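K.L.:
Quick one: structure below, then a few questions.
Read-outs throughout are calculated quantities, based only on the coordinates presented, and are distinct from any laboratory measurement. Note that the structure is predicted; figures quoted are calculated from it, not measured.
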């Protein structure tokens, strides 16, 4: 049984309602843990970022990065950075989040999306303090209306992440309710060990080109 399948079964959505829960890991330990992890991995991440930026610079005529509005902790709106992969910027709405969307891609765009490397510029967001390395998916502001008050309070109590539990356990036939519930379960049960497993699976999926 794969690590991804194990995580998916452990955190499979339930039909029971849950009240917001304050996970102490988010209030101190996670910040220090990710700072140490980021410092250790920054040279490799910076090398990949610089290499991809240079390769994409000429084909994309300098328009390498894409900035999109997302909501973060306490509902604050910030600019989330990605490598440009689509000919025209597309924000996939909440009710289409699990659908396979295949608009026209730019040079290396399909490969970047398969590997998940289009998300690499979000290291900038982590350094700026907008995001965690691991956390719930960052939401488009207009999609917040689909969340209940309880879900909104719980999600906005923490920063979103570059990667997360849903990204490494997702199934394309899941409903919107299921992926939001997986994010909520991560917020309640997050720990250094779980973050390490999620980061490991993220890298493994990138190597196997199992992104989007």
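K.L.:
Any chance you could run the full-extension gain for residue 76 through residue 143? It's 0.36 nm times the residue separation minus the Cα-Cα distance, nm to one decimal. All intermediate terms of the calculation are to be shown ahead of the outcome.
P.N.:
Values: separation 67, 0.36 × 67 = 24.12 nm, distance 1.42 nm.
Extending this stretch completely gives an extra 22.7 nm.
K.L.:
Work out, step by step, the length gained on full extension between residue 107 and residue 150: first 0.36 nm times the residue separation, then minus their alpha carbon distance; give nm to one decimal.
P.N.:
Details: separation 43, 0.36 × 43 = 15.48 nm, distance 4.16 nm.
Taking residue 107 through residue 150 to full extension adds about 11.3 nm, to one decimal.
K.L.:
Any chance you could run the full-extension gain for residue 204 through residue 191? It's 0.36 nm times the residue separation minus the Cα-Cα distance, nm to one decimal. List each step's numbers first, then the result.
P.N.:
Numbers: separation 13, 0.36 × 13 = 4.68 nm, distance 2.00 nm.
This chain segment gains 2.7 nm when fully extended.
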